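What follows is a single structure, written as structure tokens, with notes after it.
The numbers here are math on the coordinates, done by the rules we state, and not lab data. It should be emphasised that the depicted structure is a prediction, and the values quoted were computed from it without experimental measurement. Glycine gets a Cβ as well: all are built from the backbone with ideal geometry, and neighbour counts include every protein chain shown.
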Ligand SMILES: CC(C)(COP(=O)(O)OP(=O)(O)OC[C@H]1O[C@@H](n2cnc3c(N)ncnc32)[C@H](O)[C@@H]1OP(=O)(O)O)[C@@H](O)C(=O)NCCC(=O)NCCS
């Protein structure tokens with residue numbers, strides 16, 4: 001049985017390892033140089049400790065209490081939850097676990113009072129875009145981003161080469 005829970009600090013090395021392993025997929029779209037520049041596979045216990053001051057963490061555990069999924073997110077403003085990361089151990093991918101973890105995050109986001117959940121990803125991350133579309137996220141256009149309830153998502157213009165995806169909760 002898969003369980004979902006907030007991680008303990010003692011489990012942060014496991015999370016860093018999971019993120020850094022799953023990040024290897026970015027080598028299919030980035031050169032080694034870009035991979036480094038984009039901070040891929042650079043998760044560390046220190047960064048997780050620093051991030052916990054303004055983000056929520058939620059993990060998926062297998063029957064032996066090993067972490068096989070990780071997500072981090074934050075209430076960006078009263079109506080918006082920003083999904084910073086979602087990762088599934090590559091050995092467990094494509095079995096529906098990412099979608100289940102995402103649903104758990106959406107439940108928490110609703111409880112926090114958010115109206116929308118959003119994220120940003122490189123236009124080249126086909127696997128992620130497919131994953132979010134399968135979970136009813138839409139690519140947000142400049143027009144969408146001007147209208148309620150997506151109007152508080154960005155303070156600045158969208159970045160070239162990246163998509164903002166989002167879903168009403
Ligand atoms: C994105 C991620 C969390 C999805 O987790 P998952 O457990 O595989 O997700 P699910 O099993 O619920 O959903 C699978 C769907 O994701 C998409 N997908 C997953 N891997 C894919 C791939 N290699 N190529 C294309 N689509 C892919 C497909 O839509 C697939 O559904 P389908 O099989 O019906 O086509 C996982 O691939 C991952 O950890 N990737 C690395 C980190 C990452 O890119 N995170 C998102 C950054 S914005």
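For the stretch 110-119, state whether one or more residues are in a helix (DSSP H, G or I) and over 12 Å from the mean Cα position of the chain (by Cα). Give the steps one after another, and end with the answer.
Kept after step one, since they are in a helix (DSSP H, G or I), are these residues of the stretch 110-119: 110-111.
Within this subset, residues satisfying the condition of being over 12 Å from the mean Cα position of the chain (by Cα) are 110-111.
For the stretch 110-119, residues in a helix (DSSP H, G or I) and over 12 Å from the mean Cα position of the chain (by Cα): present.
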Which residues, counting only those in the stretch 137-169, are within 15 Å of the chain's Cα centre (by Cα) and assigned to a loop (DSSP other than H, G, I, E, B)? 137
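Conditions (1) surrounded by 13 or more Cβ atoms within 10 Å (Cβ to Cβ); (2) on the phi > 0 side of the Ramachandran plot, marked per residue:
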{"residue": "70", "(1), (2)": "yes, no"}
{"residue": "84", "(1), (2)": "yes, no"}
{"residue": "103", "(1), (2)": "no, no"}
{"residue": "113", "(1), (2)": "no, yes"}
{"residue": "118", "(1), (2)": "yes, no"}
{"residue": "148", "(1), (2)": "no, no"}
{"residue": "168", "(1), (2)": "no, no"}
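If a residue counts only when it is under 19 Å from residue 102 (Cβ atoms), which helices (runs of 4 or more DSSP H) contained entirely in the stretch 1-81 have at least 3 such residues? Even if it seems obvious, please write down each step before you answer.
Details: elements: 12-22, 32-37, 45-51.
Where helices (runs of 4 or more DSSP H) fall fully within the stretch 1-81 and carry at least 3 residues being under 19 Å from residue 102 (Cβ atoms), they are 12-22.
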How many residues are within 14 Å of the ligand (Cβ to nearest atom) and surrounded by fewer than 17 Cβ atoms within 10 Å (Cβ to Cβ) when one looks only at the stretch 122-146? 10
Note on residue 130: of the conditions (1) closer than 15 Å to residue 162 by Cβ; (2) within 17 Å of the chain's Cα centre (by Cα); (3) without any contact (Cβ under 8 Å) to a residue 12 or more places away in the chain; (4) not in a loop (DSSP other than H, G, I, E, B), unmet is (1)
